[in-house]
Amino acid sequence: MKSVFTLTLLLGSSLLHAADWPHWRGPNRDGTAPHANPPLEWSASKNVKWKVNIPGEGSATPIVWGNRVFTTSAIPTDKLPENPVEPHPEDRTIPPKNIYDFTVFCFDADTGQQLWKQVACSKQPPSGRHKTNTFAAGSPTTDGQRLYVSFGSLGVYCYDLEGNFIWKRDLGTMRTRRGWGEASTPLLQGDSLIVPWDQEDQSKVFVLDAATGKTRWEKKRDEPTGWATPAAVEFNGRTQLILNGTNRVRSYDLKTGELIWQAGGMTVNAIPTPIIHNNVAYVMSGYTGSMALAIPLSAEGDITDSDTILWKHTRSTPYVPSPIIVDDQIYFTASNTSVLTSLDLQTGKPIFGPERIGELGNVYASPVATDDRLYLTGRDGTTVVIEPGKELKILAVNHLGEPVDASPAIVGDRLYLRSASSLFCIEE
């Protein structure tokens, strides 16, 4: 099987370590781990190198740089705020009455020993959250010099890798759809930190100077609440910043904020992160409908329903999980189920599926892949390992015994899994 792990996402002058996992979707920001060889099989007791408890709640994917693993959590306290938050009349959730410690953790990758933790802030959450969401859902990101963490309405924070505070930004308060809470992960591109801010009031995207946190530009967006993490790529001498959205998928010039292209057709709650491969953006959504678009980076203007779009697929696309590309196929789940489809990357024609993986339940985590294995983790902690190819072939079924919503991280011979209460390092 030929390798497709060609690095198409350039990070300016920053050095991207393929042996690390600096972003929730990995070193290539597409869920792939070049040349990695994590275990095929494990359980709650087999091939567990270490396991540590993480207090509070969080569904952030752990990220890895060198010998350090970073993640976040929102830890409830018994303290009460002086001025309690009141729910918005349109919310279907109620804010907790108590204050939470919004915390950043750093662990030793070899032993699981806690190296440091920092409480970014101690505040009452600004709203409630969906029963499947957490108050620490956005994942950290790093360039190997600084660590960036967004707690959304409670601030964006920057630390060095020793845990020393560098800067903080307050970008305001989000009002999310039905009070379901926040979840987007910031994106680091070169020396810019991109923070998506789609909500029920005025949606925006912020581009901050990564070193100082100062705003380079911000742009209003005609979008309802979104939970998508952006993608970015160098193309024809400029960097495109691509954001999924219910009304439009849009590409902006990262330097100026100029709109390059846009395409309608996504469903409500467009969550999956776009994948960039061979100068094509693959964008999907799958709540109360299905849509997948293959859009060339050479597009310009409004290309909705135009011949510029390379192909369109309108069946069994993902709601929360993002898709993944291995070789010349793109794989994705139907909504949040274990029904898997694979399309030909060039034509968009089905290769197999929709086909149910009987050993797997519902899925929130995005799939990850090595050169010859595809890992899909269900919400009950079951991970099914599949051999990429023209038919669905299951290699192993692994039961962790704890619920998992965070996407896995793969580094070398290790796989990191964040459950509802623990962080696991899986290694033979």
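Structure data summary
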read-out	value
Anchor K204: aspartates and glutamates whose Cα lies under 13 Å away (excluding residues fewer than 8 positions away in-chain)	E218, D222, E223
Pairwise centroid distance, computed over Cα atoms, of segment 157-223 with segment 137-152, Å	10 Å
Cβ crowding within 10 Å averaged over residues, with 138-145, 404-411 ranked highest first	404-411, 138-145
For the chain, size of Cβ-based charge dipole, Lys and Arg +1, Asp and Glu -1, in debye	520 debye
Mean separation of Cα contacts under 8 Å, 6 or more apart, over the residue count of the chain: relative contact order %	16 percent
Residue-count net charge about G144 - beta-carbon cut-off 12 Å; Lys, Arg +1, Asp, Glu -1	-1
Theoretical gain in end-to-end length, E359 to N53 [0.36 nm per residue, Cα-Cα removed]	107.5 nm
Per-selection Rg to Rh, segment 279-428 - Cα, Kirkwood hydrodynamic radius	1.00
Among I271, I194, I351, residue whose mean-square fluctuation peaks in a GNM of the chain (springs only between Cα atoms under 10 Å)	I351
Cut-off under 5 Å, modelled amide H: who pairs with S335 long-range	T317, Y319
FRET efficiency for S421 and R238, using Cβ-Cβ distance with R0 set to 56 Å, rounded to 0.05	0.80
W311 long-range amide H proximity, modeled H, under 5 Å	A294
Eligible lysines near K123 by straight Cα distance, threshold 19 Å, same-chain separation 8 or greater	K79, K97, K168
Mean Cβ count within 10 Å, highest first, over the residues of peptides 204-216, 40-52	204-216, 40-52
Inter-part distance where segment 288-349 and segment 365-423 are each reduced to a Cα centre, Å	22 Å
Sorted peptide list for 264-270, 149-155, criterion being average Cβ within 10 angstrom, highest first	149-155, 264-270
Environment charge of K79, counting only residues whose C-beta is closer than 15 Å and scoring Lys/Arg +1, Asp/Glu -1	-1
Reachable aspartates and glutamates from K131, criterion Cα separation under 18 angstrom, eight or more residues apart if same chain	E57, E90, D91, E182, D380, E402, D405
When the convex hull of its Cα atoms is projected in every direction, mean area for segment 60-182 (nm²)	7.9 nm²
Segment 60-182: relative contact order in percent, alpha carbon pairs under 8 Å with at least 6 residues between	25 percent
Computed over segment 291-339, the ratio Rg/Rh where both radii use C-alpha atoms and Rh is Kirkwood	1.02
Zone of I94's modelled label, taken as backbone nitrogen in segment 125-161 under 19 Å from a point 7 Å along Cα→Cβ	125-135
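Bear in mind these aren't lab numbers, they're just calculated from the coordinates by the rules spelled out. The structure displayed is predicted, hence computed values, not measured ones. Cβ sites come from the backbone with ideal geometry, for glycine too, and all protein chains shown count toward neighbours.
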